[in-house]
Structure formats: C-alpha cells, structure tokens
C-alpha cells in the first residue's frame, strides 16, 4: 500500500467549486455548536467547527475516520468538554459537565460501541438509571410493559426478560435504540447505527427515524454509508481532518459529490483494475463437505492462486463461522486441502504454519489488545521470528516502522496503545499483523467494516497487490460493491449452506441478493463444477 | 548540590515528570518502610536483621513469583498454601521411609528434592489442566484443590505432625541455615528464581503470550497463540515454585502438619498485587512481586522493633498497605 494512494495533492478540489454552503439558520436552530474545538493533549482533532441542527431534520455528519465526526458528537453529547467554542441549546449557551446533564437537556447518544450491560435483561438495560418505582421498589412489571411497547414500535420482537449477552449484535443495537428513545429526547445522536444491522432492520430504523423527526426530534446521524445518508438525511455537514468542509442540502449532492468533498479528491477509481486468474493457477485451498456444527453445513468450494473469492450472505449466514472452523477456531467436520494436501487444522497455529492467515471481523474484541502498544500487537502472531529465544525489541521496532510505512498507518507516535488509533488505522495494524506471518492464503472477514473511504481504497489496492503476487484471497463481505469490485467469483451463503457460486457477469447485486435471500438456489454438489473459473472478468 | 541549583529548572522538572511514579510505587513503599525501620531501631539496618527479613520473605516470595505468571495470565491459584503443606508432608514421609532403608542421608535429601519438584510440577499441571480442559473458573478449581491438599496432609500426618528423621535433618539443615559468600542460601535461591522468572516473563515469547492472554484471551487465540497450553504452563510454573519453597521450608522446622502454610496463598497474592500486577491480568512485573514479598515481611519486622503498635496488629498493617498500594497505582489502567 503506497502512502500516496490517497495523496494530499488531491486537496485542490475546493468546497466552493460548485456550490456555496448554506448560511446558518440560527433563528430556527434547536442546537448549535459554535466554533467547537477539541484537543487531546497537544493534538487538536477538531478545529472551530460550527454546526446547527433544526427540529425535525436528519442532519448527517460525514467524514473519513479521524475526521472528527465522533469527537464532534461526543462534545454535543457531553462526553467531552470542548477546548474552545460553545454549545447553544434553544438559544441558551450550555455547558454539559457529563452525558447525564446532556441527556437531561434532551440530547441522547447511541454509541458506536454498544453501551449495554451484558448481564442485565433487556428491560433492565432500557431503564437503567431511570427506573420506574412503586412503593420504593423497582416496578418491573411496568418496565417490562413499557419496554415491550417500545420494541413493538421498533417492529422488533425481543423477549424483554432475556439477558443482553444472549442477543445478537443487531438485536442489541435495537435495544440500544429503544433505550435512547425511551428518554425524553430532542436531539438523538447516532454514531454508525446501521453497521451491525441487516437490511430489514435498517429499514425499520429509518422508519423510526422518520417517525421521530415528524415529532420534531432532530437526528444527528454519523455514517460512512453514502447511499444511506442520501436516503435518510436532509442536510449533511462534511468534515475533513477536523475542519468543516461545509453544510449542504442533501438534494444538492450525489454520493460521488459527498465522497469527493470528504476525501478531498475524486474517488471514482475506488477499485483497482482486475487481473484475470492465470489459466494454470493451482488450487491453493479447497473445502470438501465442511460442516461447522450449528453454523455451516456441507460446504464445498475451492480457491486458486491469484484469485479473490468473495463470500456473500446476510448476517447470520454462517460465513464467519465457516472460515473460523476451517482454520481451527471452531470444531468442524469434512476435508480441507491446502495446495492439494489434506490438512487437519485444530488450532489457528496449525493453519498459520501452512501459510493461512485469517483477519477477524471483530477488530476490537478479537483483533487488538487495545491497551497494549502497537509493537506488541503487530508481532503477536509472528513472535517466533522475533524471539530466539529472547524477544528482540529492536527488531520488533524495526518491523513496526516498516509496517507503519508499508500500510500507511497514520499515527503521530509509535508508543501509543492500539486503542488510541482510529478504526481505519487499527484495521491496517491488524492487517499488517497477519501479513507478518507470510501467508499465501489470506482470509479477510469484513476488512473494511467501519472504516473510511480512503482507507477502504487502500485496502482494495492492497488486495490487488496480493493476488498479483499469487496470493489467494477469501473476501467475506457484506458490502456488495466491494465484492463486485474485487472478486473473481462469489460464493453466496444462506443459513449455513452455499446456495450458489456466481462468476463473470452474474456478479451483480440482483443475482447475489437472490441467492443470499434463498430466492435462488443451485444444487452445488460436484466439486468439478466449482472449479470453473471465469478469469475473463 | 550546587550543580543541581545551576541547572535550568524546567529540565529536571521535566525529567521528574517523566519518571513513571505510579510504576515505582512498590519501590517507594519499600524505601519508606526502610526509613521508618532505621529510625525506630539502630539494629534495623544491620546485615543480620536485613538478611533475616530477606530469608523469611523467601518462601512467600518464591511462591509469589509463580503467582505473578498465573495472575498476569488472568488466573488465580488459591491452592499454593495447602499444596506447600502437602508437598512438605509427602517429602518428609518419603525421606523417612528411605532413611529406614539404610541409605546415605545425602542421597535421601537429593531424592526428596527430586521427588518434590516432580510432585509440584504435577500438582500445578493438575490445576492447570482441570481449569483449561474442563473450562472451570480458576477460582473454583483451586478452591477445590486447596481443600484436597489440606486434608491430604492432615491425613498423611494422621492429624498430628510429620517429623523428619534426625540423621537426614542433620544433613539437610544447612540448606536453610547456611550461607554462601556471606549471603544466606534461601536469599540466593529467591534471587535466582526471581531472575529466571523475570527473564521468562519479560524476554521470551512465553512471557509475551502470558501478558497477551491476560489482556484479551480472544485476541491471543485469533493471533494463533495456544491459549490453553500457555495458561496450563503458568500453573505448572506456580507448582514448581511452590516445590522450591518447600525445599527451603522443610529443613527449617523439619516437620509438617495440617497447619503448615496456612494463608500463604493470600500472602503470595498480596505480594503480587502490592508489586503492581493487575489482579484482572494483562500487566505486571516480577521485580514488583519481589518488592511486595519483602515489604510484607518488613512490616512484621518493623512492628517487632517498636512498641507503638502491637505486633498482633501485623495483619491490619499489611491489609492497609495492600489497599494503599493498589490505591496509589489505580490511575495507570485508566478509568
């Protein structure tokens, strides 16, 4: 990955080139941020940003990772105090000492990281800190009833007596939203709310957003998904590197315009040119009748050198679990061949020795030691190279310097904990870690989840570089565009089984969705059929 | 002195600010105790007294070095005190049986030492395997083995005391009471165990993995670390450390009973925590544990030298110091 791929020269696309930003509408604003700045230590991450939010609007905040979106939201939500500037609520300047004071003023935040207590029930979570009382005791019955009603308005049927730990991520997200709505809310701040939601749940969320705005609630909406913003937002404020680029009416912008303003240059060339797989490329990895109990059943597929094999499917289709089973993170049955040799991987270390690396979809929970340094995180999977037998810190530092350069990790100092990096940079660090093991088969699970457009593009080009070198890549992704742009073939899974493998011109949204939802289903039993590769695409 | 005065103020201030005070808390506590002690009694800083303190801290200290690995990996071992009693009882019984067979006392001691090391290793491996293979909380498993080892030693001693054969004792005694190059042997052993432990924890893959597992087990597993194996090994190290402590303990009294090593587990955990290791795992260092163990025995020593506080309040003072130590270090890991 070259640092220049998202160069700073591109900055000459100015904001005023096609239209003028809207003047502030202070007279009708419900909430205003005036000259908000925020510094962490000596580093200012937000520079004098103005924003105004009108009742009943969906105001999107758009920007790359590290552009300051989450910081802006946290200032408004009372999680940080701004180092300069002012928050004005209905004409009155306010200083929130903490999020509780902001909530009391009607500003409620839905967090990027879920803030539910795993071991409390749904109902207990929704009313945590705002319990209904009766005769001095918590009125559980009233709370349950209210929670059921709330969830019904969200068109979600979740047993309110279940513990949050037992819920799926998307269910937990709906509970989080219900919790926010249960407060007397005037400004609802949502930080990437649809990242973990399925298509249907996103629809329900949008419906709810429309209902709330009809009641005069203002929504501050942070997302990376441009088409989503186009659908739901009324106005959009774009941030870049902590500066405000401008606030625009959504009707005046196409998604491409938004991306251009956000990145500071054209992003039409998001994907590298696809090279066809060599005709004589050997099969690197093949699965025959692989079953991961409870998640995936009788999966047969193969992957050739220099090929990107996309894996599509809805949330819960068993894609992650299948490949976790393959590399030995979960129990599995069936046969796996690496380079034509039957292998029995019982632990990721076995797979690593055979040159297979897996990038987890859960960057924060399973990818990084957030409180440990970048160096420790980078070398964790390949530590045997840096310890014979004693760990060679100097060699590790050199590897870190190299990785930061090669993967363009944007970090001011190398001695910060991994948790201090922005999402995109964290992802580059985990990617650098798995590449340090020198794999020739790389399984990438949602490699661009929750990261900005510029970093996504870097990762796409990196994948292209890998396959050009003959590495085989499995790309599990919920972003169809990504599969369309990169994959040579796409395996579609539904409910634990492979419903189809699409190649060539069949790689389009309609076909993939038809297989993913089970509308179409091929009987894929003969392995020979699966090895047909359409390299022409 | 004059040099310091002339130096530009901001420089030393900056340097002072860069010192990781929170990490040095255990060391500052130790210095504080030494100052108090030397003010209380002129003999406090004498070589004899200090070696006496160090010798007495060796048992807990050696066990606590093993405990540091267990705790950093996110585990806990409550069984070490009973394990020590059981190993001591078994070792003495074995040596007594061998002595009845007309064997040379030195051979008997060597056989006893070998047996106790193997037994400690096995006892630790048993703890570790039940915890990792059986997927049971370390607290529960070691609470169980605490009871098992304790009742086994009581059973072996038939409710009384197991005493070591006198001929063997004569050969074995110097291991605790003698000195080498002017330094008592237990102090040597403590130092060697601590240095080996520090190298293992801070300079090897194993040590890095221990810290990674304690920090986030899932991350370690996904980074292809053999989590179960590493965690089991921390308990094996703990068992071997207990065995080493027993090898030093048996020649001291020459006996073991059902009340041997009572509450050692809590003292060892206290030494680890005073030393700055996080009880929830992920972070810690051996030198802190060594300082923690020395501090615990210094407290008793200081209280012996003064009449201001009754030595019966030893436990209360230790308790306060543990809480104070953790209080002073709480800032590091953030909120």
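Numbers for the structure displayed
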quantity	calculated
Isotropically averaged projected area of the stretch B:147-288, using the convex hull of Cα atoms (one quarter of hull area), nm²	10.4
Volume per residue of the C-alpha convex hull in the stretch B:22-329, rounded to whole Å³	137
Label point distance in nm, residue B:118-residue A:243, each placed 7 Å from Cα along Cα→Cβ	7.5
Alpha-carbon Rg/Rh ratio, for the stretch A:113-182, with Rh computed the Kirkwood way	0.94
Sites residue A:503 and residue A:162, calculated FRET efficiency, Cβ-Cβ separation with R0 35 Å, nearest 0.05	0.25
Simple label model, 7 Å out from Cα along Cβ direction - residue A:128 to residue A:141, nm	2.6
Calculated FRET value between residue B:52 and residue B:103, using beta carbons and R₀ = 35 Å, to 0.05	0.55
Radius, Kirkwood style, for the stretch A:323-413 when every pair of distinct Cα atoms is counted (Å)	15.2
C-alpha long axis of helix A:199-214 to longest principal axis of chain A, angle in °	10
Largest to smallest principal axis extent of the C-alpha atoms in the stretch A:387-537, angstrom	54, 32, 30
Equivalent ellipsoid semi-axes - Cα gyration tensor, the protein assembly as shown, angstrom	56, 35, 27
Cβ-based exposure ranking for B:107, B:289, A:83, A:300, in which fewest neighbours within 10 Å come first	B:107, A:83, A:300, B:289
For the stretch B:271-312, the Rg and Dmax computed from alpha carbons only, in angstrom	13.2, 41
Ranked A:222, A:393, A:491, criterion: other C-beta atoms within 10 Å, fewest first	A:393, A:222, A:491
Descending principal axes extents, the stretch A:336-375, alpha-carbon based, whole Å	40, 20, 15
Separation between Cα centres of the stretch B:227-242 and the stretch A:212-257, rounded to whole Å	55
Residue mean of other protein chain beta carbons inside 10 Å, A:323-329	1
Over the stretch B:243-335, equivalent-ellipsoid semi-axes from the Cα gyration tensor in Å	26, 20, 11
Calculated diffusion of the stretch A:364-438, Stokes-Einstein form, Kirkwood radius summed over Cα pairs, 4 °C and 1.567 mPa s, µm²/s	107
For the stretch A:409-471, convex hull of alpha carbons as volume per residue, Å³	92
Ranked by how many other beta carbons lie within 10 Å on average, peptides A:45-51, B:168-174 from highest	A:45-51, B:168-174
Hydrodynamic radius by Kirkwood, which averages 1/r over all alpha carbon pairs of the stretch A:268-352, in angstrom	14.1
Acute angle (nearest 10 degrees) that the helix B:264-274 long axis makes with the longest principal axis of chain B, alpha-carbon atoms	20
Within a Gaussian network of chain B (alpha carbon springs, distance under 10 Å), most fluctuating of B:67, B:144, B:284	B:144
Order of A:383, B:196, A:314 - criterion: other Cβ atoms within 10 Å of each residue's Cβ, fewest first	B:196, A:314, A:383
Projected label distance in nm at residue B:45 and residue B:129, using a 7 Å step from Cα toward the beta-carbon	5.3
Förster radius 60 Å - calculated FRET efficiency between residue A:394 and residue A:225, Cβ distance, rounded to 0.05	0.90
Angle between chain B longest axis and helix B:227-253 axis [Cα atoms, degrees, rounded to 10]	70
Length-normalised contact order for chain B - Cα pairs under 8 Å, 6+ apart - percent	34
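Values in this text are rule-based calculations from the coordinates and carry no lab data. What you see is a predicted model, and the numbers here were worked out from it, not measured in a lab. Backbone-built Cβ (ideal geometry, glycine too); neighbour counts: all protein chains shown.
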